[in-house]
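The values are calculated or read from the model by the stated rules, or taken from the named source; none is laboratory data. This is a predicted model, so every value here is computed, not measured. So basically every Cβ, Gly included, is an ideal-geometry build from the backbone, and we count neighbours across all protein chains shown. Ligands, DNA and RNA are stripped out before the accessible areas are found, and what is left, the full protein with its side chains, is counted by its heavy atoms. Shrake-Rupley method; radii C 1.70, N 1.55, O 1.52, S 1.80 Å.
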Amino acid sequence: TEEDWLAVFVYISEWSFQWLDYVTRTTGRLTKSIRLADVGEATLQGFSVECLKRDGKIMKMTDDKYPQLLAGIKIIDAPKWIQVPWKVLRPLFPKGEVEKIDFVNPVKNSKELTAVLKYVAPKHSPTKYGGKKDVWPPKP
């Protein structure tokens, strides 16, 4: 159910945010979360409005409680059907939120690959991005 999913996400987020806080306090370096979303193989038919609403609800909940912990969202390999509406709707969103969202294509742009590998160790990054993880996407 949606309630079960929300409870799990809140639990995982709380654990993650406590670690970010711990690292910040023990190192003196501000530590934030980043969200990587590889949507390269997403199709319009597979797009779920229900999932988008649920994700938006969760993001609002976590942003209300931890407004400064999300450093950004990197949307990887976004197809045009995602990029075009974003370009049109972007002016309607608050500037602070828009600045956190970045569309990247690490396969075609080495600078963007460097930006992604800054957050994911090569041993955990898929081979298509120059990493060592040969199983992507994960198989159930």
*Scan segment 124-135 and give yes if some residue there is open to solvent by 90 Å² or more (accessible area, probe 1.4 Å), out of contact with any Ser or Thr (no Cβ under 9 Å at 6 or more places or on another chain) and either in a loop (DSSP other than H, G, I, E, B) or farther than 30 Å from Glu2 by Cβ (or both), otherwise no.*
no
*What's the number of the condition Ile58 fails, among (1) over 25 Å from Trp19 (Cα atoms); (2) within 15 Å of the chain's Cα centre (by Cα); (3) β-branched (Val, Ile, Thr)?*
(1)
_Conditions first: (1) modelled with pLDDT of 80 or more; (2) in contact with a strand residue (DSSP E or B) (Cβ under 9 Å, 6 or more places away or on another chain). Asn109 passes all but one, so which condition is the exception?_
(2)
*asked:* Given the criteria assigned to a loop (DSSP other than H, G, I, E, B) and either under 27 Å from Leu113 (Cβ atoms) or not aromatic (Phe, Trp, Tyr) (or both), does Gln18 qualify?
replied: no
